[in-house]
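The values are calculated or read from the model by the stated rules, or taken from the named source; none is laboratory data. The structure presented is a predicted model; accordingly, all values stated were derived computationally and were not measured. All Cβ positions, even for glycine, are placed from backbone atoms using ideal geometry, and neighbour counts span all protein chains on display.
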Amino acid sequence: MSGTLCIDGIAVPFSDGQTIIEAARSAGVYIPYLCHRPGYAPYGSCKLCTVKVNGRTNTACTLPAADGQTVISNSPDLQHDRQRITQMLFVEGNHFCPSCEKSGNCQLQAVAYHQNMLDNHYPHFYAQRELDASHPDILIDHDRCIFCNLCVRASKEKDGKEVFGIAGRGIHKRLIVNSPTGKLKDSDISVNDEAAHVCPTGAILVKRSAYLAPIGARIYDHHPISEVACEKEVIKAGEASGYPSCDQTKLAQNGGPDSHYAATMPPAPDIKHDR
Ligand code: SF4
Ligand code: FES
């Protein structure tokens, strides 16, 4: 099935099998995410991509796009919730960006900038999970894990292995390694595996690659995550891509985008939904 949905006032076409977040990305509309990754099966754990769809709360990375949906992403309450989720992720682990090799290439850091996160809001947990530097080529700093499950999915679905798993709940949740000792050196992982490169934070790092790209020359040093996530050729929602606006009455009924976003939206041509 294909059709058109309305995201924050932009009429966005979708094709068969696309989720809301995939349709949005294709149209240059950025919906923040961390546990989602293009080409991976939906997982839906971080809740950062939470949107309102026809007035109801849903995760954009798991909900299939459907014709006539009215999606609100950029409203003050959703942005506030995203900032709080990001702050929780920061205090649950150890994300001290100035001392992290991933700084500038880190999606968590880039999302925090996008959310205008200026403090942690919550008290720190001061996580102290054991670092695994046993493997000759790959390092795991468990204190930087946000449990997005991407390495688990990468190892299983892309590498045909099952090196990683997530065990426990709440503050006892842990990334575990499938090996006789629980150490990475005794697992099947190779530095060429996708699982070694997919981590959105600095939890899984490849050894001897630190500072090959110096601070200041990294991806988010020059491009906000809203651009990077939507690919280079489509920079501004509804502008470079030429997507028209959709019915503003329905948008208002469903909570509406915030006023700043509304002010930057392209002028509204006549486009009508079936419902
Ligand atoms: S190690 Fe990285 S990729 Fe794996 S679950 Fe933790 S944050 Fe996600
Ligand atoms: S990106 Fe949708 S729940 Fe994580």
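A few comments on the model shown:
- Residues in the stretch 183-218 that are under 24 Å from the mean Cα position of the chain (by Cα), part of a loop (DSSP other than H, G, I, E, B), farther than 24 Å from Ala41 by Cα and among the aliphatic types (A, V, I, L, M): 4 in all.
- Count of residues meeting criterion [over 26 Å from Ala195 (Cα atoms) and crowded, with 24+ Cβ neighbours inside 10 Å] in the stretch 28-55: 3
- For the stretch 62-80, residues that are out of contact with any Leu (no Cβ under 9 Å at 6 or more places or on another chain) and within 14 Å of ligand 2 (Cβ to nearest atom) total 5.
- Within the stretch 75-92, considering residues that are more than 19 Å from Ser226 (Cα to Cα) and either under 17 Å from the mean Cα position of the chain (by Cα) or assigned to a loop (DSSP other than H, G, I, E, B) (or both), the one nearest to ligand 1 (Cβ to nearest atom): Leu89
- Restricting the first member to the stretch 145-173 and to residues that are within 15 Å of Glu194 (Cα to Cα) and at pLDDT 95 or above, and the second to residues that are within 16 Å of ligand 2 (Cβ to nearest atom) and among the charged types (D, E, K, R), the beta-carbon pairs closer than 6 Å and six or more apart or on different chains are Leu150/Arg37.
- Breaking point among (1) over 15 Å from the mean Cα position of the chain (by Cα); (2) more than 21 Å from Lys52 (Cα to Cα), for Gly68: (2)
- Given (1) more than 14 Å from ligand 2 (Cβ to nearest atom); (2) on the phi > 0 side of the Ramachandran plot, index of the condition Arg84 fails: (2)
- Residue match in the stretch 92-110 (condition: surrounded by 17 or more Cβ atoms within 10 Å (Cβ to Cβ) and free of Cβ contacts under 8 Å to residues at least 40 places away in the same chain): no
- Per this entry, Ile166 is counted among residues that are within 16 Å of ligand 2 (Cβ to nearest atom) and either surrounded by fewer than 17 Cβ atoms within 10 Å (Cβ to Cβ) or closer than 28 Å to Pro214 by Cβ (or both).
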